[in-house]
1. Along the Cα→Cβ direction, 7 angstrom out, place labels at D60 and L30. What is the inter-label distance in nm?
2. Does anything in the stretch 21-45 have its amide N under 20 Å from the 7 Å Cα→Cβ label point of R88, and if so which residues?
Amino acid sequence: LKQPDIINNFSRILDPTLLGEDTLKQLFELRLILEMGMADFLFAHKTQKDIDELEKIVQDEEATDTGKIRFALDKEIAFHGKLYQMSRNVTLQGFQNLLLPVFEYVYMKETKNHDLDSDHFTGGKFITHRMLLENLKVGTPETFRNAIRRHLEPHFDHAFKNGNK
């Protein structure tokens, strides 16, 4: 007997083109919750190799920076995907891979609606991937949790603004 592969079972039903708007919104919110919750695991498991890989991702992103808060989807996926990998939780990594189509769908929808192009958010200054990386180098799980919350703030603002629709 083999333990069921829950990620594989989820993958069969997570097609963004088949899911309703409310389900997509809730799955995207789950992504926000997961990223806020992984800080302790990142700090417990981070290695210099992980930091070096994040540094390369951030340098690549900065080399193509447009000066806007909104950055390229591939850079976003690379940075956050590395964070999931650093958690060393295989189920979480698999779930992140499942959520990529949902994330891409919501990202494209927000981009189309220009919901995240403002540089004003409820908490003030936007936190970049560079700032998150620097926090991973010298911060604590608590400071990182606060920083990732501010980094994800445009998505939280969008979710709460549209929460009653």
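Any read-out appearing in this document is the output of simple, stated calculations on the displayed coordinates, not a laboratory observation. These numbers come from a predicted model, not from an experiment. All Cβ positions, glycine included, derive from the backbone under ideal geometry; neighbour counts span all protein chains shown.
1. 2.8
2. Hits in the stretch 21-45 for R88 at 20 Å: 35-45.
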